[in-house]
Structures are given as C-alpha cells and as structure tokens.
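Visitor: My questions all concern the structure below.
The values are calculated or read from the model by the stated rules, or taken from the named source; none is laboratory data. Keep in mind it's a predicted model, so treat the numbers as computed, not measured. FYI the Cβ positions are ideal-geometry reconstructions off the backbone, even for glycines, and counts take in every protein chain you see. For accessibility, only protein heavy atoms count, side chains too; no ligands or nucleic acids. Shrake-Rupley method; radii C 1.70, N 1.55, O 1.52, S 1.80 Å.
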Amino acid sequence: MRLVDETCIGALERIPVGEGREVDLGGLLVAVFRTRSGSVHALEARCPHRGGPLADGLVDSTSVVCPLHGWRFRLQDGAALVGDSPTRSFAVREGDDGNIYVRCPAPASDGLGPAESPD
C-alpha cells in the first residue's frame, strides 16, 4: 500500500482569491487554486497537452484554463473539459491554523517499490 503525505504549503492568504500558485512538493509540482467563492483545489501543475503552467491559468469557480492553448480542467477532479487528457487532482484542505495542506502520494522509501504502511 502506498502511503500518502499531507504537506503544509503555507498560509491560505498567500494565494490571492481567484488565482493559483505553483508549489514543489519534493519534486512533484502542484498548482493550488483559491476560487472567488473561497474554495481551495490542487491539480498537477503542468498541463498534459504541452506542459503549460496551470497555476498561471484563468480560474473561475469550477475550472482553470491553461494559459498556453486553452485546455480547460475541472478543479474538483482534474477532468478535461476542453482537451482530451485529464490532469491529476490532489486532496487539499484549509487547516484550523489557516494553513493549506495538500495530500499527495509519498515516494517509495528505497526505490524498490511502493512504500508500505508501518504496523
């Protein structure tokens, strides 16, 4: 079973309403978005089409548009709304401390396979 890490990426206020920010989670680039309604979402940071920076895309209440070629992705689950390939989404939450926490797969500990859950 692959473990999941939850990483604090900083204060919610660091992401302006209606924008996204790219964060590096140990080599995994994630775009974190804060919609005008206040919800927070996280997708893989690069568009699957040509690697466009999704954090720089146009954000509305439910989707983001890649700034390079207009592919559109649903913030909730990364589904492609325009384009033919989805992107990965990650669980994200605002903590009681006002920080944002993103959950993503943990890397394998020894490079030999998936990390196992300690008993």
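Visitor: Could you check region 31-87 and list, in sequence order, the residues that are open to solvent by 30 Å² or more (accessible area, probe 1.4 Å), among the small types (Gly, Ala, Ser), in a loop (DSSP other than H, G, I, E, B) and in contact with a Pro (Cβ under 9 Å, 6 or more places away or on another chain)?
Guide: If the condition is that a residue be open to solvent by 30 Å² or more (accessible area, probe 1.4 Å), among the small types (Gly, Ala, Ser), in a loop (DSSP other than H, G, I, E, B) and in contact with a Pro (Cβ under 9 Å, 6 or more places away or on another chain), then 83, 85 are the ones that fit.
Visitor: Of everything in region 1-55, what is of a type in the set (Asp, Glu) and closer than 19 Å to residue 97 by Cα? Give them in sequence order.
Guide: 5, 6, 13
Visitor: Restrict the check to region 5-16 and report whether at least one residue is farther than 14 Å from residue 90 by Cβ, open to solvent by 40 Å² or more (accessible area, probe 1.4 Å) and among the β-branched types (Val, Ile, Thr).
Guide: no
Visitor: Continuing with this model, one more query. State whether one or more residues within region 50-72 are touching a Ser or Thr at 6+ places or on another chain (Cβ under 6 Å), hydrophobic (A, V, I, L, M, F, W, C) and closer than 24 Å to residue 5 by Cα.
Guide: No, every residue in region 50-72 fails to be touching a Ser or Thr at 6+ places or on another chain (Cβ under 6 Å), hydrophobic (A, V, I, L, M, F, W, C) and closer than 24 Å to residue 5 by Cα.
Visitor: Given the conditions (1) closer than 16 Å to residue 86 by Cα; (2) touching a residue at least 24 places away in the same chain (Cβ under 8 Å); (3) of a type in the set (A, V, I, L, M, F, W, C), report the number of the one that residue 25 does not fulfil.
Guide: Checking residue 25 against (1) closer than 16 Å to residue 86 by Cα; (2) touching a residue at least 24 places away in the same chain (Cβ under 8 Å); (3) of a type in the set (A, V, I, L, M, F, W, C), the one that fails is (1).
Visitor: Can you work out which of the residues in region 101-119 that are at pLDDT 70 or above and in contact with a Ser or Thr (Cβ under 9 Å, 6 or more places away or on another chain) is surrounded by the fewest Cβ atoms within 10 Å (Cβ to Cβ)?
Guide: 103
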